[in-house]
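Here is the structure we will look at.
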Amino acid sequence: MSNSSRCAACKSLRRKCPQDCVLAPYFPSNNPQRFSWVHKIFGASNIAKMLQQLPVELRGEAADCMAMEAYLRVENPVYGSVGIIYQYQQQIIEVQNEIIKINGEIAVYNALLQHQQLQQHQDSFFSTDNDFNL
Amino acid sequence: MGGNSPCASCKLLRRRCAKDCIFAPYFPSDDPHKFAIVHKVFGASNVSKMLQELPVHQRADAVSSLVYEANARVRDPVYGCVGAISFLQNQVSQLQMQLAVAQAEMLCIQMQQDPIMPTPQIEEVDPDHKPSLLQNNLPHQYLNFASSSNVRESFFGHDMVS
């Protein structure tokens, strides 16, 4: 394989890119940054090992997810993707609390409305010219 | 961390555990599995490099998150942590819809009430407006991770095999 058709992984590692290169389908030469992220965080041999252990039809998704995780770890070296997970968990709690609060307000309004309607009904009942012998 | 007993990392790597071993504070010898899983996914030298680049007071948190990620990847070798992110994104979307429905219902009640009813402080439902508590620091690309083609282009190769 000529130099110009090496995948991003082999280019970065300065080696020949064989026909059956495990990484080539998932780390094309036109996106070198994607490989640099995964290489920095997981290491080329770890990535190759992990992909080799998967059926071919799942390797694409796995490589994408590892690239995402590596990117998140580069962006946030302390928490990585766990930071995002935590933020989403916090958001969920906040939105749930907001929903509970609004549902509570709706319940109060509905109760007040019912009370108001009952009051109006009673008022109209007792304001007629009916003559009751009490 | 005893005087002469090697930490879990040095035990696994079969080397002498130096006094200033970078792993020792975070990988005690009584929990060999913790280092084993991090080494399996990230590699000891990568972990060492990552820790060295961090100030000391952040290293414990970094190790905890690395252990979490490594565990997630071993449990789910395809999606790892990203599976959890995707799941939580969907949950947030569903809750956003529920919130919008509740807010719309509240608005209807307000509009139906006569002036004697107290008017609560509630923002009007705007179809283009996400509730402000959701417009936090979370970058837009993560909110649309599962479907945004812009994100996929950045992270994912063009020759994806699926």
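The values are calculated or read from the model by the stated rules, or taken from the named source; none is laboratory data. This structure is a prediction, so every number in the text was calculated from the model and none was measured. Cβ placement follows ideal geometry from the backbone for every residue including glycine, while neighbour counts extend to all protein chains displayed. Ligands, DNA and RNA are excluded from the accessible area calculation, which covers all protein heavy atoms including side chains. Shrake-Rupley method; radii C 1.70, N 1.55, O 1.52, S 1.80 Å.
Report yes if some residue within segment A:53-67 is assigned by TED's automatic domain parsing to the domain that holds residue A:9 and β-branched (Val, Ile, Thr); otherwise report no. Spell out how you get there, then give the answer.
Narrowing segment A:53-67 to residues assigned by TED's automatic domain parsing to the domain that holds residue A:9: A:53-67.
Within this subset, residues satisfying the condition of being β-branched (Val, Ile, Thr) are A:56.
Looking for residues that are assigned by TED's automatic domain parsing to the domain that holds residue A:9 and β-branched (Val, Ile, Thr), one finds at least one in segment A:53-67, hence yes.
Among the listed residues A:45, A:36, identify the single one that is of a type in the set (S, T, N, Q) and either closer than 17 Å to residue A:6 by Cβ or open to solvent by less than 10 Å² (accessible area, probe 1.4 Å) (or both).
Working: A:45 fails: either closer than 17 Å to residue A:6 by Cβ or open to solvent by less than 10 Å² (accessible area, probe 1.4 Å) (or both).
Among A:45, A:36, only A:36 is of a type in the set (S, T, N, Q) and either closer than 17 Å to residue A:6 by Cβ or open to solvent by less than 10 Å² (accessible area, probe 1.4 Å) (or both).
Give me a count of the residues in segment B:41-85 that are surrounded by fewer than 18 Cβ atoms within 10 Å (Cβ to Cβ), of a type outside the set (Ser, Thr, Tyr), at the interface with chain A (Cβ under 8 Å from one of its Cβ atoms) and out of contact with any helix residue (DSSP H, G or I) (no Cβ under 6 Å at 6 or more places or on another chain).
Here the count works out to 5.
Under the condition of being more than 9 Å from chain B (Cβ to nearest Cβ) and of a type in the set (Gly, Ala, Ser), which residue from segment A:82-128 is most open to solvent (accessible area, probe 1.4 Å)?
Top of the filtered list is A:127.
Can you name the residue in segment A:31-73 that is in contact (Cβ under 8 Å) with a residue 24 or more places away in the chain and hydroxyl-bearing (Ser, Thr, Tyr) and, of all such residues, is farthest from the other protein chains (Cβ to nearest Cβ)?
The qualifying residue farthest from the other protein chains (Cβ to nearest Cβ) is A:36.
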